[in-house]
1. Filter region A:65-115 down to residues that are away from every other protein chain (no Cβ under 11 Å) and closer than 17 Å to A:Val49 by Cβ and give me whichever is surrounded by the most Cβ atoms within 10 Å (Cβ to Cβ).
2. Taking the conditions exactly as written (away from every other protein chain (no Cβ under 12 Å) and either of a type in the set (Phe, Trp, Tyr) or surrounded by fewer than 19 Cβ atoms within 10 Å (Cβ to Cβ) (or both)), does A:Thr139 satisfy them or not?
3. Going through region B:210-226 one residue at a time, which ones are assigned to a helix (DSSP H, G or I) and within 17 Å of A:Arg108 (Cβ to Cβ)?
4. Would it be correct to say that A:Leu186 is in contact with an Asp or Glu (Cβ under 8 Å, 6 or more places away or on another chain) and either touching a residue at least 12 places away in the same chain (Cβ under 8 Å) or over 14 Å from A:Ile36 (Cβ atoms) (or both)?
5. Examine region A:164-171 for a residue that is in contact with a Cys (Cβ under 9 Å, 6 or more places away or on another chain), surrounded by 15 or more Cβ atoms within 10 Å (Cβ to Cβ) and among the polar types (S, T, N, Q), and state whether such a residue exists.
6. Residues being among the acidic types (Asp, Glu) and under 10 Å from B:Leu285 (Cα atoms): count how many of those fall in region B:50-67.
7. Within region A:117-125, is even one residue closer than 30 Å to A:Ile25 by Cβ and in contact (Cβ under 8 Å) with a residue 12 or more places away in the chain?
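The values are calculated or read from the model by the stated rules, or taken from the named source; none is laboratory data. Because the structure is predicted, anything quoted here is derived from the model rather than measured. Here Cβ is always computed from backbone atoms with ideal geometry, including for glycine, and neighbour counts include all displayed protein chains.
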Amino acid sequence: MTDSLAAKDLTAGYGHKVVIDHQDISIAQGQITGLIGPNGSGKSTLFNVLNGFESPISGTVTLSGKPISRFSARQRAQQIACLPQRTVIPDGITVFELVSYGRYCRQRGFHHLSQTDRKAINDAIQAVHMTSKADELLTSLSGGQQQRALIAMTLAQDSRILMLDEPTTYLDLTNQLEILNLLQELNAKFRKTIIIVLHDLNEAARYCHRLVCLVDGHVKATGRPIDVITKAILADVFKVDGDILHDHGCPQIMNCHTLAMPS
Amino acid sequence: MIFHKKRVLTGCLLLALGFAVLLDTLGGPKWYGISEFWRPTSKLATQILWDVRIPRVLAAMLVGILLATGGLLLQTISHNPLADPSIIGVNAGANLALIAGELAGLALTVLNAFWLALIGALLAFLVVIGLSLNKKGFSPLRLLLGGTIFSGFLSSISMAVSFMTNNTQQFRVILAGGFSGANYEQVGLLVLVAIVVVGSVFFFRTEFTLLGLDHQTTVGLGLSFKKLMGIAIALIVLAAGSSVAVGGNIGFVGVGVPQMVNFVHPGSFKANVFPIALCGGIFMLFADLISKAAVSSVELPLSALSAIVGGIVLFILVAFKKKVVK
């Protein structure tokens, strides 16, 4: 198993506030890695440093063995496609146009769409099952459909790594599952390395090959879901008690209730 | 098909712009016939047309184009359809710089007015950007709120200074806006600025379109965010500053024209920037025509006129849009 993205002795934060404190993290190639942890544990900070959006305070992030700071924005975008938690949807653009933005990092000169670009865009739209909606205005679509269109935009980048920050947060259950199934399909079909921040631990356990559990800027546990989602971690990190059932080797939490917070 | 439609639209707008140029040239306190160009009735008429009307018309058209383009750029980078250099204080900064320069004893030659206005616009914009930064970076809401307050603050100083020094009449064009004194030197500089602004917008049209998404997504797509923001800000300052140097503080065009075009023809920055620029020119030409021809012997203040016309149009748009949404 090779690392596609790794952080060594990473310290990161905003201004003087340290959020991630001297941590080593590696992301395995071709797998779905879930970043989990309570609010404020540093998931989003880690996400933003791993994709090169923020610079670390100290330590290095390497992409295919090379420091990510040495990549230009365009080169980075060819390797990592990234969807932040909340995206501004501009008025007046169609699904096709949004997805075509994904081709920016692959284009040169005057950014005319080549045959290759058009094929990549149409393939990406097809992958998220939105071909019939390609010419519709984004603002006329539902939240789930908009999210799918945004994912298609990142697919059009044709990158090895796909990073998504809580892609299911504002969606109903059907749409949540559809997005996660789609990611699973993309991983299986195209061997894409996927890094995803998730809040729902059961979804994380079901859809991810590996989990990285953060608490207060430290990696508390990392490994297969079955090794990470344990009673001890639930109590320690999430301050909840629950039963853990194993459904074909996949841990699922039941009968959850909060533990009394120490005052 | 889409490409074809776009060409037809641009063609129609160019025709309309040509028509507006002609109308604004021939119209005024005294209307001339079109034959005046090849069969002049008097030497005075020829002089008025070539030395007064034509530079004025060209200045109005170019300022309209610049204001609308600058407005759309600011709306795109701030993700706020109501942002406009004239609302957030960029124009007011240019205005104040002109008044301050004049009071400091600087002769307001065409060139002096240009660089003074540009510096004023730049300083004001930097202050407003500073105001709009919070811990997490740039906040569009703070830009608009801080900018509006700052704009009012600067305009009040301009007003107070010109009243206190009894120079209101002298600063009429700067304060009330208008093209009554436009000359070929100003037109020449405006042409240069327009080439830079429109040329850059054409060159970076894909990049600016992508800036319409949020910062993080934009960077994820491979855009050099800081570089492009710098370019966008420079272009906005250039457009707003040079417009103020020639036409004074003219509101509405920057926010109203993009709104109107987007209402009729919703589209991305790339799709709508040139129609919006052309409509800015057309709007300004008609506003100029009304200001000089509506009441004979009196030149109406263009900023007030633009705001009144624009206010009515925006009011109708908002009311109509609400109906459509419901």
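1. As a first pass, look at region A:65-115 and keep what is away from every other protein chain (no Cβ under 11 Å): A:65-70, A:95, A:99, A:108, A:114-115.
Narrowing further to those that are closer than 17 Å to A:Val49 by Cβ: A:66-70.
Numbers: A:Lys66: 12, A:Pro67: 12, A:Ile68: 23, A:Ser69: 13, A:Arg70: 10.
That would be A:Ile68.
2. Numbers: away from every other protein chain (no Cβ under 12 Å): no; either of a type in the set (Phe, Trp, Tyr) or surrounded by fewer than 19 Cβ atoms within 10 Å (Cβ to Cβ) (or both): yes.
For A:Thr139, the condition - away from every other protein chain (no Cβ under 12 Å) and either of a type in the set (Phe, Trp, Tyr) or surrounded by fewer than 19 Cβ atoms within 10 Å (Cβ to Cβ) (or both) - is not met.
3. B:Leu210
4. Numbers: in contact with an Asp or Glu (Cβ under 8 Å, 6 or more places away or on another chain): no; either touching a residue at least 12 places away in the same chain (Cβ under 8 Å) or over 14 Å from A:Ile36 (Cβ atoms) (or both): yes.
Here the answer is no, as A:Leu186 does not meet what is asked.
5. Looking only at region A:164-171, we keep the residues that are in contact with a Cys (Cβ under 9 Å, 6 or more places away or on another chain), and these are A:164-165.
Next cut, surrounded by 15 or more Cβ atoms within 10 Å (Cβ to Cβ) only: A:164-165.
Imposing the further condition that a residue be among the polar types (S, T, N, Q) reduces the set to none.
Checked region A:164-171: no residue is in contact with a Cys (Cβ under 9 Å, 6 or more places away or on another chain), surrounded by 15 or more Cβ atoms within 10 Å (Cβ to Cβ) and among the polar types (S, T, N, Q).
6. Kept after step one, since they are among the acidic types (Asp, Glu), are these residues of region B:50-67: B:51.
Filter again for under 10 Å from B:Leu285 (Cα atoms), leaving none.
Counting residues in region B:50-67 that are among the acidic types (Asp, Glu) and under 10 Å from B:Leu285 (Cα atoms) gives 0.
7. Step one: list which residues in region A:117-125 are closer than 30 Å to A:Ile25 by Cβ, which gives A:124.
Narrowing the set further to residues that are in contact (Cβ under 8 Å) with a residue 12 or more places away in the chain leaves A:124.
Checking region A:117-125: at least one residue is closer than 30 Å to A:Ile25 by Cβ and in contact (Cβ under 8 Å) with a residue 12 or more places away in the chain.
Here is a yes/no grid of residues against (1) more than 12 Å from B:Val63 (Cβ to Cβ); (2) within 14 Å of another protein chain (Cβ to nearest Cβ):
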{"site": "B:Ile231", "(1), (2)": "yes, no"}
{"site": "B:Leu238", "(1), (2)": "yes, no"}
{"site": "B:Val253", "(1), (2)": "no, no"}
{"site": "B:Pro266", "(1), (2)": "yes, yes"}
{"site": "B:Ala277", "(1), (2)": "no, no"}
{"site": "B:Asp288", "(1), (2)": "no, no"}
{"site": "B:Ala294", "(1), (2)": "yes, no"}
{"site": "B:Ser297", "(1), (2)": "yes, no"}
